[in-house]
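Take a look at the structure below.
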Amino acid sequence: MSHLLEIEDLHVAYGHIQALKGISLHVAEGEVVAILGANGAGKTTLMRTLSGLLSPKAGKVTFAGQETTRLGADRIVRLGIGQSPEGRRVFGTLSVVENLRLGGFTRPPAEIAKSCEYVYEVFPRLYERRTQLAGTLSGGEQQMLAIGRALVTKPRLLLLDEPSLGLAPLIVKNIFQVLRAVRDTGVTILIVEQNARMALKLADRGYVLEVGRLRQEGSSQELLSSPEIQAAYLGHG
Ligand SMILES: Nc1ncnc2c1ncn2[C@@H]1O[C@H](COP(=O)(O)OP(=O)(O)OP(=O)(O)O)[C@@H](O)[C@H]1O
Ligand SMILES: [Mg+2]
């Protein structure tokens, strides 16, 4: 059986800086897969390449049986890959509801409305703040909005780049609860996280990226109990 997402020998560079040096990985339909790695490992580069914002130098990406290696970002959204980017990148001068509607730009209005309802259900805070300008939301609320905007694309694969970055533990817990609920609706998730413990608790499997190469892979259990992973990414507790 082919996987929902297949990445083969992916090379991505910024000028002469090789950020990804031959990455191969796969994600099966319904799986949650975590990508761990230190700062500068190439995690964001991978996410941006998958969503069509960067074009690889070599290698191949296949999503749902279709090659997407060099497709533009809007084609990729239409195929069913939604992204919540690193740093949230909400439209600060637009309201919450306007941000969500923009997320649905590829879809008919009635469906956008339905997806917005779903987002408000999982993030009631966004409903309370629906007319507020996104730039005035707290960091946690902006993260909810970034995830919500990706959900409004009705993704089959949801890409999440550092959803817990800079957020208080309680908000992080809340966001991960929502991600579990999203996963339970059948959405496949590829998540990049500095918070390796939270990510591996959510994920089925994980990969460890080290300066542009995959260093280790395994089930979340294997990675959580690996001494190298514990030393490098899990700290104490
Ligand atoms: N626009 C760019 N121009 C030049 N080099 C870049 C650019 N973006 C990223 N890089 C380089 O590519 C490498 C990988 O960066 P990337 O942002 O993918 O890492 P990351 O794993 O997401 O790191 P972090 O955990 O800090 O978010 C780094 O060496 C970085 O300096
Ligand atoms: Mg990054």
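The GNM of the chain, with springs linking C-alpha atoms under 10 angstrom apart, assigns the highest mean-square fluctuation among A64, A13, A110 to A110. From the P(r) of region 159-237, could you give the percentage of C-alpha pairs in the tail past 16 Å? Across region 159-237, Cα pairs with separations above 16 Å total 51 percent.
Hey, which lysines would be in cross-link range of K114, C-alpha to C-alpha under 20 Å, not counting anything within fewer than 8 residues on its own chain? Within the straight-line limit of under 20 Å, K114 reaches these lysines: K154. For region 5-234, the Cβ-based charge dipole about the Cα centre amounts to some 460 debye (Lys, Arg positive; Asp, Glu negative; other atoms uncharged). Averaging the sequence gap over all C-alpha pairs within less than 8 Å and six or more residues apart, then dividing by the number of residues, gives the chain a relative contact order of 26 percent.
Compute the signed sum of charges (Lys and Arg +1, Asp and Glu -1) over the other residues within less than 9 Å, Cβ to Cβ, of R205. The partial results should precede the final answer.
On the way: positive: none; negative: E31, D204, E217, E222.
Result for the local shell: -4.
What number comes out for the charge environment of H3, summing +1 per Lys or Arg and -1 per Asp or Glu over other residues with Cβ under 12 Å away? Please list the in-between numbers first.
Details: positive: R205; negative: E6, E8, E29, E31.
Combined, the nearby Lys, Arg, Asp and Glu give -3.
By the scheme Lys and Arg +1, Asp and Glu -1, what is the net charge of all other residues having a beta-carbon under 14 Å from that of P108? Working shown, then result.
Details: positive: R78, R101, R107, K114, K154; negative: E111.
Neighbour charge sum, excluding P108 itself: +4.
Note on region 1-111: percent of Cα-Cα distances in each 5 Å bin, starting at 0 and stopping at the bin with the largest distance, equals 2, 10, 19, 21, 20, 13, 9, 4, 1, 0.
Based on the mean of other beta carbon atoms within 10 Å per residue, what is the order of 165-171, 185-191, most packed first? Write out the running numbers ahead of the final one.
Values: 165-171: 14.1, 185-191: 19.7.
Descending mean neighbour count gives 185-191, 165-171.
Only Cα pairs under 8 Å and at least 6 apart count here; give the relative contact order of region 45-92 as a rounded whole percent. Mind showing how you got there, number by number?
Details: 35 pairs, mean separation 15.3, N = 48.
The normalised contact order for region 45-92 reaches 32 percent.
The calculated Kirkwood hydrodynamic radius for region 5-234 is 17.7 Å, given to one decimal from all distinct C-alpha pairs.
How big is region 80-192 by the Kirkwood estimate over distinct Cα pairs, in Å? Walk me through the numbers on the way to the answer.
Numbers: mean 1/r = 0.0735 Å⁻¹.
The answer is 13.6 Å.
Each value in this text was obtained by applying a stated rule to the coordinates, not by laboratory testing. Quick caveat, the model's predicted, so the values are computed rather than measured. Virtual Cβ from ideal backbone geometry, glycine too; neighbours counted across all protein chains shown.
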